[in-house]
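Peer 1: Please read through the structure below; I'll follow up with questions.
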Amino acid sequence: MARIPDDQLERIKQEVSLLGLAESQGYQPKKQGKDYAVCCPFHDDKTPSCIISPKSNLFNCFGCGTGGSVIDWVMKTQGVSFRHAVEILRDDSSLAATAANTKPIKQATIPKLEAPITTDAEDQKVLQQVISYYHQTLKSAANLISGLENERGLLVNVFAVSNA
């Protein structure tokens, strides 16, 4: 796989508004001086401890220590690799063009995936755990299901999936 050019990474980091991206994901930033604060999506946060700085287009959580650029935000909030996050931001021109103008969507409650008991857990047990996690996540995301059915023409029956 070819290396992503540094100038392309810098362009993404400058053009895609981290604040707009967070708002489009359903977070409600509160103004704090020149920056904005949100409840951190990376740990159980009752009071806003994740600071988003529009000037530098960076974020930092004072609760868990997580921080970074818009690429790091996508990697952590969507659980994807660095390359995939860059592709999402690069290929979705609407993020760069309309990130500040998008309406927040309601954030679905995503179940936490339990860690295997030991590092040498049986492969089948881990696989069933992953299948169950994604099945429950899909069932709880009604807007995703309707989007798949309407925009992609897919027939999605999440209740037909079994754990057998």
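Peer 1: Considering only segment 35-55, state which residues are assigned to a loop (DSSP other than H, G, I, E, B), without any contact (Cβ under 8 Å) to a residue 24 or more places away in the chain and in contact with a strand residue (DSSP E or B) (Cβ under 9 Å, 6 or more places away or on another chain).
Peer 2: Within segment 35-55, 39, 43, 45, 47, 48, 49, 55 meet the criteria.
Peer 1: Please verify whether residue 76 is among the basic types (Lys, Arg) and either modelled with pLDDT under 90 or part of a helix (DSSP H, G or I) (or both), treating the condition exactly as stated.
Peer 2: Yes: the conditions hold for residue 76.
Peer 1: Same structure, new question: Can you pull out every residue in segment 42-54 that is surrounded by fewer than 18 Cβ atoms within 10 Å (Cβ to Cβ) and closer than 15 Å to residue 69 by Cα?
Peer 2: Once the filter is applied, which keeps residues that are surrounded by fewer than 18 Cβ atoms within 10 Å (Cβ to Cβ) and closer than 15 Å to residue 69 by Cα, segment 42-54 yields 42, 53, 54.
Peer 1: Restricting attention to segment 55-78, which residues are more than 15 Å from the chain's Cα centre (by Cα) and within 14 Å of residue 27 (Cβ to Cβ)?
Peer 2: Residue satisfying the conditions is 61 alone.
Peer 1: To continue, here is another question. Scan segment 1-19 for residues that are outside any helix (DSSP H, G or I) and either in the same structural domain as residue 59 (by TED's automatic domain parsing) or of a type outside the set (Lys, Arg) (or both) and jot them down.
Peer 2: 1, 2, 4, 5, 16, 17
The values are calculated or read from the model by the stated rules, or taken from the named source; none is laboratory data. Note that the structure is a prediction, hence the values are computed from the model and not measured. Ideal geometry is used to build each Cβ from the backbone, glycine not excepted, and the neighbour counts take in all protein chains shown.
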